[in-house]
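Have a look at the structure below, then the notes.
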Amino acid sequence: MSGGVPGLTRTLVIGAFLSLSAVGLLSQSSGPQPTPLPPPIAAPRDVTYPGTIRLAVDARDIERRILSVRETLPVRPGEPLVLLFPQWLPGSHSPTGRVDKVAGLTIRANGTALVWRRDVVDVFAFHVDVPPAASSVDIEFQYTSPVETSEGRVVMTAEMLNLQWNQVLMYPAGYFTRQIMVEPSVRLPEGWQFAAALETASTTSGVTTFKPLPLETLVDSPMFAGRYFQRFELDSNPAAPVRLNVVADRAELIDVKPDQLDAHRELVRQAYKLYGSHHYDHYDFLLALTDRMGGIGLEHHRSSEDGTVPTYFTAWERNADQHDLLAHEYTHSWNGKFRRPADLWTPNYNVPMRGSLLWVYEGQTEYWGYVLAARSGLLTRQQTLDALGSVAATYEHRIGHQWRALQDTTNDPIAALRRPLAWRSWERSEDYYYEGLLIWLDVDTLIREKSGDRKSLDDFAAAFFGVGGTSYVPMTYTFEDVVRALNAVQPYDWASFLRARLDSRGPAPLDGVSRGGYQLTYRDTPTDYFRNSELRRRVSDMMFSLGFVVSDDGRLTEVLWDGLAFKNSLTLGTQVISVNGAAYSGDRLREAVRDAQKTGMPIELSVKNGDRYRTVSFNYRDGLRYPRLERDPGKPARLDQILESR
Ligand SMILES: [Zn+2]
């Protein structure tokens, strides 16, 4: 022992625990030590990148689903070059770039292949030694887009493709993306049409070249292209036309009825009434009706990628649970793209994002998505109430808040990357969407109550999102900015109000429902909205009775934490073989629940998990339970007013 160290002698006297800490501080152990990390990649600076990148994408290989990229990048002779492949993607709020899909990378200068080395820490960065005589480098690679869903989202099919520019480019480190100019071009399969919020410069021999634009705007302007394509004008105002561009698996799916088109047009009018402005010079909805291309709902400043069911138009009534999609993504042009949380905005796609305000970005967008869908007629008032009833009931039953505050779920895009979850209701996942919605319903009804129904969240939306005229330069905000804007509408201690809901371990706020003049109840028949959603998803949703969701083939797709199924040790993936001795079907299960209510007999399920069979007995006599909102005549019908067309 090193008695010559006075501190050590003293801690030895005080106790073993402290003395061990002191030894750790003072002497190095004999085990391995970390090697130094490579120097960090140059941070982005707000200065102009010299020259314009030329980017050419060949998207014709729809059979093998390969996108071929050629890129010419002006460089400063002899200066070290680091190329970045986009990692942190706006809208996903997470590091979901697929650098693993980059193949065949070659980099040349004046025809000679250059050596590139991937950074061993930041694997999205490629170091290139540029020779002194080179004024540009030529980059070639393939983006081997997923052939099967197990690899990731399918973006190319025989009928359509979704070109996301962040997948088909590399860009120099050291610059803000708004300071890097790009001239993009694309070659599509013959006869295909496309839509993107880009301005075409020329089309020759099947190659469409777009006007040069900042990299930031390009990545924010993806393309849908397809064999079956139609465009509909939603607003023909030449200063800011709004278009609905539709691609589909089959031509006959693009069968848009006049009243459906009217509702989509009304969405634009209602959004303008709500926000009082728009932050684009044109807007393109990119709508894919498909079950072949991977699903998507991704916001952009002047467009949105909206993937939905093939029968969106042709079985309109049955797909009500898809009718808020466009209203949600459109709202993001204001909430999320133009007004952006300060910690979420990043100067390029390789700087980490932070999602502390996603309960505004996504939560309030979820709220306005439903409200605008109702105001425009995309959803009926009843469908909207039924949707909100389902949300309220879901959060009334989930108890994940007992260990994890809502605020913490804003880390999920990074922590969980939307991987499948076994215990959704306990682990929690991005709850800032729907619990966020409930908070904003709470806020809206409270503003209305406190102001004697003279003010509402509409006033906040106009003030907060409607600023800045038609500018689309992002305007960032902080928590304090949100609180200030709320206070300007209706003075109140909004900071404490919001923090209590964001940081507490208490249940989700349902006050907005009751203050809106409704109560959450459970009946033995589902609402049409609920039943159609079950049919579309091919499930029986028994969440509010037996505590599980089961697919039509008997597989459990969700089990409620601490619910009845959970208490019977049922898990995701368990197969229900039979109900009371007869082969499983959704109807038979519902019948068994009804019978148990009458007879008091248990419900017996034979279940299979792996190669193990067992019988599970549910002593449950409360019958079928489905949520709905019912009018509380004792309170003003604020929710009805909120959903009313303006
Ligand atoms: Zn969203």
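Does Glu63 satisfy being open to solvent by 60 Å² or more (accessible area, probe 1.4 Å), assigned to a loop (DSSP other than H, G, I, E, B), over 29 Å from Glu148 (Cβ atoms) and not small (Gly, Ala, Ser)? When the stated conditions are applied, Glu63 does not pass them. Among the candidates Arg621, Arg631, Arg612, Arg638, the residue that is touching a residue at least 60 places away in the same chain (Cβ under 8 Å) and open to solvent by 70 Å² or more (accessible area, probe 1.4 Å) is uniquely Arg631. Restricting attention to the stretch 339-361, the residues being more than 14 Å from the ligand (Cβ to nearest atom) and either touching a Pro at 6+ places or on another chain (Cβ under 9 Å) or in a helix (DSSP H, G or I) (or both) number 11.
Go through the stretch 420-455 and give me each residue that's among the hydrophobic types (A, V, I, L, M, F, W, C), within 11 Å of Tyr367 (Cα to Cα) and either open to solvent by 20 Å² or more (accessible area, probe 1.4 Å) or within 14 Å of the ligand (Cβ to nearest atom) (or both). Hits for the stretch 420-455 are Leu437, Trp440. Note on the stretch 238-258: residues that are touching a residue at least 12 places away in the same chain (Cβ under 8 Å) and part of a helix (DSSP H, G or I) total 3. Of the residues examined, Val443 is one that is modelled with pLDDT of 95 or more and not small (Gly, Ala, Ser).
Considering every residue within the stretch 514-523, establish whether at least one is closer than 24 Å to Asp386 by Cβ, of a type in the set (D, E, K, R) and free of Cβ contacts under 8 Å to residues at least 60 places away in the same chain. No: the stretch 514-523 contains no residue that is closer than 24 Å to Asp386 by Cβ, of a type in the set (D, E, K, R) and free of Cβ contacts under 8 Å to residues at least 60 places away in the same chain.
Residue-wise test of (1) in contact (Cβ under 8 Å) with a residue 60 or more places away in the chain; (2) of a type in the set (A, V, I, L, M, F, W, C); (3) surrounded by fewer than 19 Cβ atoms within 10 Å (Cβ to Cβ).
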site	(1), (2), (3)
Gly97	yes, no, no
Thr106	no, no, yes
Val121	yes, yes, yes
Phe124	yes, yes, no
Ser135	yes, no, yes
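Is there a residue being open to solvent by 10 Å² or more (accessible area, probe 1.4 Å), of a type in the set (A, V, I, L, M, F, W, C), at pLDDT 95 or above and under 19 Å from the mean Cα position of the chain (by Cα) anywhere in the stretch 249-256? Checked the stretch 249-256: no residue is open to solvent by 10 Å² or more (accessible area, probe 1.4 Å), of a type in the set (A, V, I, L, M, F, W, C), at pLDDT 95 or above and under 19 Å from the mean Cα position of the chain (by Cα).
The residues of the stretch 153-194 that are at positive phi and without any contact (Cβ under 8 Å) to a residue 60 or more places away in the chain amount to a single one, Gly191. Would you list the strands (runs of 3 or more DSSP E) that sit entirely within the stretch 501-601 and hold 2 or more residues that are under 28 Å from the mean Cα position of the chain (by Cα)? Because the criterion is at least 2 residues that are under 28 Å from the mean Cα position of the chain (by Cα), the strands (runs of 3 or more DSSP E) in the stretch 501-601 that meet it are 539-541, 548-551, 556-559. Residues that are of a type in the set (A, V, I, L, M), touching a helix residue (DSSP H, G or I) at 6+ places or on another chain (Cβ under 8 Å) and farther than 11 Å from Ala422 by Cα within the stretch 549-576 comprise Val550, Val576, listed in sequence order. Here Ala327 meets the list (1) within 14 Å of the ligand (Cβ to nearest atom); (2) out of contact with any helix residue (DSSP H, G or I) (no Cβ under 9 Å at 6 or more places or on another chain) almost entirely, failing just condition (2).
The values are calculated or read from the model by the stated rules, or taken from the named source; none is laboratory data. Since the model is a prediction, treat every value here as computed from it, not as a measurement. Backbone-built Cβ (ideal geometry, glycine too); neighbour counts: all protein chains shown. Heavy atoms of the whole protein, side chains included, go into the accessibility calculation; ligands, DNA and RNA do not. Shrake-Rupley method; radii C 1.70, N 1.55, O 1.52, S 1.80 Å.
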